[in-house]
Amino acid sequence: MIGKENAPIPHTDDEVSALAGMLRELKPKQQAFLAGYSRYGTISQAADHAICSERSHWVWLKSELYAELFQTCKDRFADRLEAEAYRRAVTGWDEVVGVDRSGSPVAKTRYDGRLLEILLKAHRPEKFSEAVRHGQKTDVEMINKIVIESRRGDLADPKKVLNRSNGNGSSNGNGSSNGNGNGNGSKS
C-alpha cells in the first residue's frame with residue numbers, strides 16, 4: 001500500500017470544487033472507474049473497481065471531459081508514487097534487524113539509494129543525467145556521495161556535498177565506493 005490508505009494528493013479548495021463539479025457530469029460507472037484508477041493506477045484494476053470492461057474506458061476517452069479527468073487522475077497517482085519514492089529515498093523506513101538482550105526489537109533505518117538517484121535525475125537532469133560528467137566522477141558516484149553525506153545530516157546543502165566530492169577524490173567520503181547506491185553495503 002502506498003501512503004496512508006492511498007490518501008489523495010491535497011489540492012486547493014478551488015481545484016477540489018472544480019473537479020467535484022466536473023465529476024458530477026459523468027456517469028456513475030465513469031466516476032467509479034476514475035476513483036479506481038486514482039487508487040490503483042492501472043486500467044485493469046480500475047475496470048474491476050467500476051465493474052465494467054476495460055474497453056468502456058477507451059470509448060469514454062473520446063469525451064473531452066472524461067479524458068481531462070482521466071489525465072488528472074493519472075497525474076495524482078503519479079504524484080503519490082513520487083511522494084512514496086521520496087519517503088523511501090530520503091526519510092527511509094525502520095527495519096527490524098534483531099533483538100537486544102532484553103528481547104526488544106532493534107531497528108535500523110534503511111534508505112533506497114536507487115530511488116534517490118532516480119529522483120535526482122528527474123528533478124536535476126542537467127546535473128545527474130548519465131551524459132553529464134563532473135570531472136572524472138560519474139553521476140552514480142556523485143549520487144552515492146550524496147546518499148552517504150545525507151545520512152550524516154548534510155542533505156540540507158547538496159552543493160556542499162558536491163563541492164567536497166569534486167575536491168577529495170573519493171566517491172563516498174570514506175575512500176571507497178560500495179556501488180549499490182545506498183551507502184551502507186546492504187540492499188534496500
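The values are calculated or read from the model by the stated rules, or taken from the named source; none is laboratory data. In this text, all values refer to a predicted model and were calculated from it rather than measured experimentally. When we count neighbours, we look across all protein chains shown, and the Cβ atoms used for this are built from the backbone with ideal geometry, even at glycine. All accessible areas refer to the heavy atoms of the entire protein, side chains included, with ligands and DNA or RNA removed. Shrake-Rupley method; radii C 1.70, N 1.55, O 1.52, S 1.80 Å.
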**Q.** Cβ-Cβ under 6 Å pairs, at least 6 apart or on other chains, segment 93-118 side in contact (Cβ under 8 Å) with a residue 24 or more places away in the chain, far side in a helix (DSSP H, G or I) and open to solvent by 80 Å² or more (accessible area, probe 1.4 Å)
**A.** D112/R88; L115/R88
Q) Yes or no: E64 of a type outside the set (A, V, I, L, M, F, W, C), surrounded by fewer than 13 Cβ atoms within 10 Å (Cβ to Cβ) and touching a residue at least 40 places away in the same chain (Cβ under 8 Å)? A) no
Q | Total residues in segment 90-108, condition open to solvent by 70 Å² or more (accessible area, probe 1.4 Å), of a type outside the set (D, E, K, R) and more than 28 Å from the chain's Cα centre (by Cα) | A | 3
Q.
If I ask for residues that are outside any helix (DSSP H, G or I) and either surrounded by fewer than 13 Cβ atoms within 10 Å (Cβ to Cβ) or modelled with pLDDT of 65 or more (or both), which ones from segment 1-42 would you list?
A. M1, K4, E5, A7, P10, T12, E25, L26, K27, G41, T42
